[in-house]
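One structure below.
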Amino acid sequence: ARAQAMQIDQSPKVTYEDIGGLEEQVQEVVETVEDPLSDPAQFKTVGIEPPSGVLLHGPPGTGKTMLAKAVANETDATFIKMAGSELVQKFIGEGAKLVRDLFELASEHEPAVIFIDEIDAIASKRTESKTSGDAEVQRTMMQLLSEMDGFEERGNIRIIAATNRFDMLDRAILRPGRFDRLIEVPEPDWNGREAILQIHTEDMNLGDDVELGTIANKTEGFTGAELSSLATEAGMFAIRAERTEITMSDFDDALQKVSEEDNTNGTPIA
Ligand code: ATP
């Protein structure tokens with residue numbers, strides 16, 4: 001069960017250069033996660049504790065997982081990922097046990113970055129109903145907080161959580177000594193979109209008429225994940241036309257296609 005629920009990656013391939021936009025967010029992650037991992041003595045000398053946990057929040061597909069992987073890569077740390085939804089167990093005590101296993105696994109693989117995606121699944125504002133399921137979720141959260149309290153001495157483990165439902169979070173987890181550093185990871189602005197397009201078209205055989213800035217103009221509201229699939233889709237149009245070069249019209253066709261797909265889902269698109 002452990003192997004199923006937790007994903008371990010000894011050396012994730014993502015680097016900061018693979019992340020478009022988000023310069024400030026990268027900077028914050030470096031200060032709060034990378035520096036404490038690579039130079040813990042610095043904090044000891046100054047006499048401060050690095051933040052226990054960092055919480056990344058923002059829409060899906062904006063690069064939160066990439067940030068966590070990049071910092072693990074940069075510090076040669078093991079990347080251990082678990083989804084909050086997987087911690088929500090049906091059986092009493094299972095969730096708390098998985099949390100214990102998670103931290104045990106991390107200490108076996110120090111230095112390590114623990115990434116808990118969808119933290120809201122175990123840390124949502126409590127509803128009125130006091131069902132047994134609720135109590136179990138609560139226990140899982142308490143276990144996480146107590147592991148976090150205990151791991152300061154371990155030093156070489158940092159914890160990053162992510163959510164795209166920040167407003168739903170139980171504020172208790174944001175208290176000092178818990179997830180006390182918040183980093184917002186928003187949808188990319190124009191510059192971010194252009195940078196992301198640059199990254200995702202780097203290995204593509206683009207025609208001379210392709211202007212990434214123009215594509216950035218047309219993709220307001222797109223996330224990094226959506227821009228990445230747009231580029232792939234443009235490549236598909238070139239292949240269908242039996243061309244080896246991707247042209248601006250392929251990007252226009254791809255845009256047309258994703259906007260049609262989006263409309264069938266009932267969500268408007270820029
Ligand atoms: P979720 O909340 O759904 O887990 P996330 O914010 O963790 O989403 P990622 O998994 O980091 O999103 O991003 C998904 C994919 O989208 C990446 O693998 C990458 O291809 C692309 N992507 C997203 N954001 C960026 C970015 N800022 N720069 C480059 N690529 C990006």
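The values are calculated or read from the model by the stated rules, or taken from the named source; none is laboratory data. Keep in mind the model is a prediction, meaning the values are calculated, not measured. When we count neighbours, we look across all protein chains shown, and the Cβ atoms used for this are built from the backbone with ideal geometry, even at glycine. The accessibility values were calculated without ligands, DNA or RNA, using every heavy atom of the protein model including side chains. Shrake-Rupley method; radii C 1.70, N 1.55, O 1.52, S 1.80 Å.
In a residue-by-residue description of the range 99-113, the property of being in contact with a helix residue (DSSP H, G or I) (Cβ under 9 Å, 6 or more places away or on another chain), open to solvent by less than 30 Å² (accessible area, probe 1.4 Å) and within 11 Å of the ligand (Cβ to nearest atom) applies to no position. Just name the residue that is nearest to Asp9 (Cα to Cα) out of those in the range 44-71 that are within 13 Å of the ligand (Cβ to nearest atom) and part of a helix (DSSP H, G or I). That would be Lys69.
When the range 179-216 is filtered for residues that are within 18 Å of Gly58 (Cα to Cα) and assigned to a loop (DSSP other than H, G, I, E, B), the ones remaining, listed by number, are Phe179, Asp180, Val185, Pro186, Glu187, Pro188, Asp189.
Restricting the first member to the range 190-214 and to residues that are of a type in the set (Lys, Arg), and the second to residues that are open to solvent by less than 30 Å² (accessible area, probe 1.4 Å), the beta-carbon pairs closer than 8 Å and six or more apart or on different chains are Arg193/Gly20; Arg193/Gly21; Arg193/Ile215; Arg193/Ala216; Arg193/Thr219; Arg193/Phe222; Arg193/Leu227. For residues in the range 213-248 being closer than 14 Å to Glu187 by Cα and of a type outside the set (S, T, N, Q), which is most open to solvent (accessible area, probe 1.4 Å)? Looking at the filtered set, the residue picked out is Glu220.
So, in the range 68-121, of the ones that are modelled with pLDDT of 95 or more and basic (Lys, Arg), which residue ends up farthest from the chain's Cα centre (by Cα)? Top of the filtered list is Lys81.
Residues considered: Glu226, Glu211, Glu233, Glu245. Of these, the only one that is over 23 Å from the mean Cα position of the chain (by Cα) and within 15 Å of the ligand (Cβ to nearest atom) is Glu233. Could you tell me which numbered condition Ile92 fails, if it satisfies all but one of (1) in a loop (DSSP other than H, G, I, E, B); (2) open to solvent by less than 60 Å² (accessible area, probe 1.4 Å); (3) within 20 Å of Met6 (Cα to Cα); (4) not basic (Lys, Arg)? Every condition holds for Ile92 apart from (2). Do we have Leu197 as modelled with pLDDT of 90 or more, touching a Leu at 6+ places or on another chain (Cβ under 6 Å) and open to solvent by 40 Å² or more (accessible area, probe 1.4 Å) here? Against the criterion (modelled with pLDDT of 90 or more, touching a Leu at 6+ places or on another chain (Cβ under 6 Å) and open to solvent by 40 Å² or more (accessible area, probe 1.4 Å)), Leu197 does not qualify.
Going by what's in this entry, would Ser124 be described as in contact with a strand residue (DSSP E or B) (Cβ under 9 Å, 6 or more places away or on another chain), within 17 Å of Glu147 (Cβ to Cβ), polar (S, T, N, Q) and modelled with pLDDT under 90? No. Screening Phe43 with (1) open to solvent by less than 60 Å² (accessible area, probe 1.4 Å); (2) in contact with a Ser or Thr (Cβ under 9 Å, 6 or more places away or on another chain); (3) modelled with pLDDT under 90 gives one miss only, at (2). Taking the range 72-86 as the search range and keeping residues that are away from the ligand (no atom under 16 Å from the Cβ) and out of contact with any His (no Cβ under 9 Å at 6 or more places or on another chain), which one is least open to solvent (accessible area, probe 1.4 Å)? If we take residues in the range 72-86 being away from the ligand (no atom under 16 Å from the Cβ) and out of contact with any His (no Cβ under 9 Å at 6 or more places or on another chain), then Thr75 is least open to solvent (accessible area, probe 1.4 Å). Of all residues in the range 217-232, those that are assigned to a loop (DSSP other than H, G, I, E, B) have Cβ atoms under 9 Å from Cβ atoms of residues that are within 13 Å of the ligand (Cβ to nearest atom) and β-branched (Val, Ile, Thr), 6 or more apart or on another chain, in Phe222/Ile196; Thr223/Thr62; Thr223/Ile196. Checking each residue in the range 1-43 for being within 14 Å of the ligand (Cβ to nearest atom), assigned to a helix (DSSP H, G or I) and of a type in the set (A, V, I, L, M) picks out Val26, Val29. Beta carbons closer than 6 Å, at least 6 apart along the sequence or on distinct chains, pair a first residue in the range 150-163 that is more than 16 Å from the ligand (Cβ to nearest atom) with a second that is open to solvent by less than 10 Å² (accessible area, probe 1.4 Å) and modelled with pLDDT of 65 or more for Phe151/Ile157; Ile157/Ala106; Ile157/Ala112; Arg158/Val33; Arg158/Val113.
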